[in-house]
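Asks: My structure is below; once you've seen it, I'll send some questions.
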Amino acid sequence: MALVKLQTEHFRNLSSVPVSFSPSFNLLFGENGSGKTSVLEAIGYLGLGRSFRVSRHQAVVQHGQQRLTVFGGLDQGLDNAMIDREDPGQLVHRLGFARDIGSKETTLRVDGEAVKNLSSLARHLPVSVIDPGVFDIVAGGPGKRRQFLDWAVFHVEPSFANVWQQCQRVTSQRNQTLRNGRLDEALIRVWDSQYAQLANRLTEARQAAFALFESAFKRLLEEVDAPWVEGMKMDFYPGWDISQPLSDVLAAHREQELRMGHTLYGPNRADVKLRFQGRPVAETFSRGQQKTLVILMKIAQGMVLSSLGKQVTFLLDDINAELDVSHRAMLAKKLYELRCQVFMTSIEPPRPDELWRDGKPEYRMFHVEHGKLKEE
């Protein structure tokens, strides 16, 4: 699926005028504060259910307003060039997200019908963000890499979202029991049992998705001319030594968890270990090498979903500030080969000849000014 229609109300400084996009590449340029990143942020709401820039909805709604709305129309993307994209009646799916700031209520709609879970919305539009903050996947803590992996697991395994939510609730209850001061042994054993069962299901889904990702990543590395390729190793760590049942690990470390007051073993501690010649990549790679690695990891994720018949919508925010011309060209070429949908922002007008030297894909270019998009 590709996002070909977007309309917002009271979303940052964006105009409420609907905009039509290409199912291939969309190049947005404008001055800082013009609203180009806000366009990506609005698209992100439909695929992620939240902003990739800030954690609070209040920061996104226009000043003086109490409700924000984002509407998106999807078609079959590059797999169906026959659809008339100027006719909204030809849309395959319609997605809607609304948030009332005062009541803190969220309304989600798919094809006009109310849905309860963000996963019901997000599964229709796999959105992958590449912005300056994404490079923390390498340099940041395990949580960043778990989030990276779980995005792929969610789109690969339909049941993952529900199991993940159940595991989060059980983990919270278990942590509360550990913090009570006086441990209720019968109760903690109940939570241990539930937690272990859910942990195994989560881990199986993560391992399966990681295997697909690792295979795609290795194929991608074969095409890269970089000195670090040979010594690069990637492993999935489930969060405990899986040679032992998780329930046994929890029981053996009961005193440690009581002292800390929270769960120390299990899927909440999972990680994707990135090493070069046995040492963490964050300690051995230069900033430039880390950027290249993250870009390749993102492309590999796109390869996995593409192999499953899913088109990813990539949001590339201000990558000119992070990547040189050769890396931008490499990224644009790979995403074109994947037949992904791409939204790319920059301050200066894009130069398609620099992005694609061997023939250009279909693209639309927009100048963004004061929250309004004007096609060039």
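The values are calculated or read from the model by the stated rules, or taken from the named source; none is laboratory data. If you're wondering where the values come from, they're calculated on a predicted model, not measured in any experiment. Because the Cβ atoms are built from the backbone with ideal geometry, glycine has one as well, and the counts that use them run over all protein chains shown. When the accessible area is computed, the model is the full protein with side chains, heavy atoms only, and any ligands, DNA or RNA have been set aside. Shrake-Rupley method; radii C 1.70, N 1.55, O 1.52, S 1.80 Å.
Asks: Sort out which residues of the stretch 219-233 are open to solvent by less than 90 Å² (accessible area, probe 1.4 Å) and part of a loop (DSSP other than H, G, I, E, B), and write them in order of number.
Replies: Within the stretch 219-233, 224, 226, 228, 229, 231 qualify.
Asks: Mind checking whether some residue in the stretch 156-166 is surrounded by fewer than 14 Cβ atoms within 10 Å (Cβ to Cβ) and either touching a Leu at 6+ places or on another chain (Cβ under 8 Å) or in a helix (DSSP H, G or I) (or both)?
Replies: Within the stretch 156-166 (the criterion being surrounded by fewer than 14 Cβ atoms within 10 Å (Cβ to Cβ) and either touching a Leu at 6+ places or on another chain (Cβ under 8 Å) or in a helix (DSSP H, G or I) (or both)), the answer is yes, since at least one residue qualifies.
Asks: Of all residues in the stretch 1-36, how many are polar (S, T, N, Q), touching an Asp or Glu at 6+ places or on another chain (Cβ under 9 Å) and open to solvent by less than 30 Å² (accessible area, probe 1.4 Å)?
Replies: Number satisfying all stated conditions: 4.
Asks: Looking at the stretch 96-116, which of the residues that are over 23 Å from the mean Cα position of the chain (by Cα) and among the hydrophobic types (A, V, I, L, M, F, W, C) is least open to solvent (accessible area, probe 1.4 Å)?
Replies: 101
Asks: Follow-up question, since we're still on this one. Of these, 206, 174, 201, 169, which one is closer than 20 Å to residue 299 by Cα and part of a helix (DSSP H, G or I)?
Replies: So the residue among 206, 174, 201, 169 that is closer than 20 Å to residue 299 by Cα and part of a helix (DSSP H, G or I) is 206.
Asks: I would also like to ask the following. Within the stretch 28-43, is there a residue that is of a type in the set (Gly, Ala, Ser), farther than 25 Å from residue 337 by Cα and not in a loop (DSSP other than H, G, I, E, B)?
Replies: The answer is yes, given that some residue of the stretch 28-43 is of a type in the set (Gly, Ala, Ser), farther than 25 Å from residue 337 by Cα and not in a loop (DSSP other than H, G, I, E, B).
Asks: I would also like to ask the following. Please list, ordered by residue number, the helices (runs of 4 or more DSSP H) wholly in the stretch 234-312 having 2 or more residues that are closer than 27 Å to residue 197 by Cα.
Replies: 246-252, 254-260
Asks: Follow-up. Where residues in the stretch 178-198 are in a helix (DSSP H, G or I) and among the acidic types (Asp, Glu), which of them is farthest from residue 291 (Cα to Cα)?
Replies: Checking each candidate, the answer is 185.
Asks: Any chance you could count how many residues in the stretch 345-366 are open to solvent by 50 Å² or more (accessible area, probe 1.4 Å) and assigned to a loop (DSSP other than H, G, I, E, B)?
Replies: Residues that pass the stated criteria total 8.
Asks: State which residue is least open to solvent (accessible area, probe 1.4 Å) when the search covers only the stretch 173-197 and only residues that are in contact (Cβ under 8 Å) with a residue 40 or more places away in the chain and among the hydroxyl-bearing types (Ser, Thr, Tyr).
Replies: Selected residue: 195.
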